[in-house]
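Notes follow the structure.
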Amino acid sequence: MDNGRWSYGDKIIYRGLWKGSIYWALPVTVVQDSKDAIALYWPAGTPVKRPKTRATIEELSTNPYPEISDSYWTDTDILLLCNEGKPYSINSMRSAESGELLCWYVNIQAPLHRIDIGFETEDLLLDVVFQPDLSMWTLKDEDELNDALKLGLFDSHAVTEIRAAAEDAIKSITSGNSPVNNNWSSWTPPESWDIPEMPDIWDSNNSSP
C-alpha cells in the first residue's frame with residue numbers, strides 16, 4: 001500500500017456486510033485505486049465466503065446473520081468500478097467461457113470503506129442492469145427493497161436515499177460521466193494474474209489502515 005492506497009496487482013479482500021456483520025467476502029486483485037476510480041477484478045473460480053443459501057428478505061428480518069460457508073464465484077468474470085464516496089459500484093460482467101460482455105451490473109451499496117485488508121461495503125438491495133452497449137437499463141430487486149421497507153429493515157428515508165442513488169448512477173452512466181465511459185469496456189486482465197486464495201484473515205475486524 002502506498003499513501004493509503006492499494007497498488008496495481010495487490011491481492012486484497014472485498015467483503016459485504018449486512019446489518020454490521022460480514023455477509024460475504026472474496027479475494028480480489030486491484031486494477032486501480034486512485035481519486036479517479038477504484039477498480040477490482042475477480043474471475044470465475046474465485047473462492048467466496050457467503051451464506052449456504054440465499055436468504056429471502058423475510059428470512060433476513062428474523063435471522064440477519066445466517067451461517068457463512070465456503071463457495072466459489074461461478075460463470076462470470078467481474079471488473080468492479082466505482083468512485084470514492086459514491087453509493088454504488090458498476091460491474092462489468094463477462095462470460096467466463098466466451099469472454100462476451102453480458103451486462104453492466106450496477107449494485108446500489110454503501111460507499112466503499114477502507115479496511116486494513118481491503119474494502120468493505122453494505123448491499124442496499126436495489127440494482128440497475130445496463131445492456132452491454134448502455135442503450136437500455138432496467139431496475140432489479142425493487143420488490144426486495146419494498147419488502148425491506150414493509151418489514152422495517154429500512155425506513156422510508158433510507159429507501160428514498162437508495163432510490164436516489166440508483167437515479168444518480170443512471171444519470172452518471174447515460175451522460176458519459178462514469179468510470180464505464182473511460183475505456184474500461186475493453187480492459188482485460190494480464191494472463192499472468194492467477195486466482196487469489198482466501199486468506200485466513202478474511203474476517204479481520206480492523207478498520208482502515
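Here are the numbers for this structure:
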quantity	calculated
Region 97-118 residues near the modelled D143 label - backbone nitrogen below 18 Å, point 7 Å along Cα→Cβ	none
Anisotropy class of region 106-209 from Cα gyration tensor, a/c 1.5 cut	oblate
Distance from region 154-209 to region 1-77 (C-alpha centre basis), Å	10 Å
Normalised convex hull volume, region 1-101, alpha-carbon set, Å³ per residue	127 Å³
Charge dipole of the chain about the Cα centre (unit charges at C-beta), most positive-ward option of T53, N3, L80	N3
Overall dimensions of the chain as given by Cα atoms, namely Rg and Dmax in Å	16.6, 48
Selected from W193, W18, W42 as most flexible by GNM, with the chain as the system and alpha-carbon contacts under 10 Å	W193
Three-way shape call for region 45-142 based on the alpha-carbon gyration tensor, with the a/c threshold at 1.5	rounded
Cβ charges +1 (Lys, Arg) and -1 (Asp, Glu), total dipole of the chain, debye	300 debye
Charge tally in the Cβ shell below 11 Å around R94, where Lys, Arg are +1 and Asp, Glu are -1, R94 excluded	-4
Net charge contributed by nearby residues that have their C-beta within less than 11 Å of V129 (K/R +1, D/E -1)	-1
S156 versus E67: modelled label distance in nm, points set 7 Å from Cα along the beta carbon direction	4.0 nm
Of the trypsin sites (Lys or Arg not before Pro) in region 1-46, those whose Cβ has at most 15 other Cβ within 10 Å and which sit in DSSP loop	K19, K35
Reachable lysines, given that their alpha-carbon falls under 23 Å from the alpha-carbon of K52 and they are not under 8 places away in the same chain	K19, K140
Extension gain from K52 to S185, taking 0.36 nm per residue of separation minus the Cα-Cα distance	44.6 nm
Fluctuation leader among I12, I195, I78 - the chain, Gaussian network, Cα springs under 10 angstrom	I195
DSSP-assigned coil residues among GluC sites (Glu not before Pro) in region 91-140, each with at most 14 further Cβ atoms within 10 Å	E97, E100
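Bear in mind that the values in this text are calculations on the coordinates, not laboratory data. On a predicted model such as this, the values are computed, not experimentally measured, just so you know. Positions of Cβ are backbone-derived with ideal geometry, glycine not excepted, and every protein chain shown enters the neighbour counts.
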